[in-house]
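> I'd like to ask some things about the structure below.
Nothing in this text is a laboratory measurement; each read-out follows from the coordinates by a stated rule. Here the structure is a predicted model, which is why all the values come from computation and not from measurement. A quick note on method: Cβ atoms are made from the backbone with ideal geometry, for glycine too, and the neighbour counts reach across all protein chains shown.
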Amino acid sequence: MKQFLIVVDMQKDFIDGSLGTPEAVAILPKVAEKVRSFEGEIIFTRDTHETDYMSTLEGKNLPVPHCIRGTDGWEIAPELTAIRNGTVIDKPTFGSVELGKLLVAANTEEPIEKVTLVGLCTDICVLSNALLIKAHLPEVEVAVDASCCAGVTPESHLTALAAMKMCQIAIENQ
């Protein structure tokens, strides 16, 4: 049976760029080690906005330009790109419907044993993608490695982990 590691939005703007946090910087080495040692398939998601971001609904609610396609801030952290061996999915919003469909197709070919998520931000994109995956694959174990995630704030990180746990998403290394 297959296992997948989903590396959510480990991009410069979320690590040490326009929306970066010390907690995001701190998890980067842990995520790199997880990617390096993972023996299943790896998928990276990349938050992707266009130059009209500020006129979008998200831009009106979060008026901080970030992850604009083609900019340095949009790129996945170089520490991961040097070792990555996975698919990259560009997503225009918090959760990726494309990711869910890709995992359903993979599960049809060969059953998936487990999907583990790591990355940024626990309380927005990790949470959204974990719930989407659980909805697409209700009989597959979905887990989040808390030691390889960071939220917008430490408090919202913990709140998101608690919410995912209530939805039968396994929280590891908390």
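> Can we say Asn129 is touching a Ser or Thr at 6+ places or on another chain (Cβ under 7 Å) and crowded, with 18+ Cβ neighbours inside 10 Å?
Answer is yes for this residue.
> Going through the range 157-171 one residue at a time, which ones are in contact (Cβ under 8 Å) with a residue 24 or more places away in the chain and over 15 Å from the mean Cα position of the chain (by Cα)?
Residues satisfying the conditions are Thr159, Ala163, Cys167, Gln168, Ala170.
> Select from the range 10-32 the residues that are out of contact with any His (no Cβ under 9 Å at 6 or more places or on another chain) and either hydroxyl-bearing (Ser, Thr, Tyr) or assigned to a loop (DSSP other than H, G, I, E, B) (or both) and write down the one among them that is nearest to Ala82 (Cα to Cα).
In this case the residue turns out to be Met10.
> Within the range 38-59, how many residues turn out to be part of a loop (DSSP other than H, G, I, E, B), over 29 Å from Gln3 (Cα atoms) and of a type in the set (Ser, Thr, Tyr)? Give the derivation first.
Initial filter on the range 38-59 (part of a loop (DSSP other than H, G, I, E, B)): 38-40, 48, 50-52, 56.
With the extra rule that they be over 29 Å from Gln3 (Cα atoms), the set shrinks to 50-52, 56.
Filter once more, so that each one left must be of a type in the set (Ser, Thr, Tyr): 51, 56.
Number satisfying all stated conditions: 2.
> Can you find a residue that is of a type in the set (A, V, I, L, M), part of a strand (DSSP E or B) and over 15 Å from the mean Cα position of the chain (by Cα) anywhere in the range 136-156?
Among the residues of the range 136-156, not one is of a type in the set (A, V, I, L, M), part of a strand (DSSP E or B) and over 15 Å from the mean Cα position of the chain (by Cα), which makes the answer no.
> A further question follows. Pick out the one residue from Val7, Val35 that is crowded, with 20+ Cβ neighbours inside 10 Å, outside any loop (DSSP other than H, G, I, E, B) and touching a strand residue (DSSP E or B) at 6+ places or on another chain (Cβ under 6 Å).
Numbers: Val35 fails: touching a strand residue (DSSP E or B) at 6+ places or on another chain (Cβ under 6 Å).
Unique residue meeting the criteria: Val7.
> Restricted to the range 70-104, and to residues that are among the basic types (Lys, Arg) and outside any strand (DSSP E or B), which residue is surrounded by the fewest Cβ atoms within 10 Å (Cβ to Cβ)?
Lys101
> Does Asp123 count as in contact with a helix residue (DSSP H, G or I) (Cβ under 7 Å, 6 or more places away or on another chain), closer than 17 Å to Gly40 by Cβ, of a type in the set (Asp, Glu) and touching a residue at least 12 places away in the same chain (Cβ under 8 Å)?
It is false that Asp123 is in contact with a helix residue (DSSP H, G or I) (Cβ under 7 Å, 6 or more places away or on another chain), closer than 17 Å to Gly40 by Cβ, of a type in the set (Asp, Glu) and touching a residue at least 12 places away in the same chain (Cβ under 8 Å).
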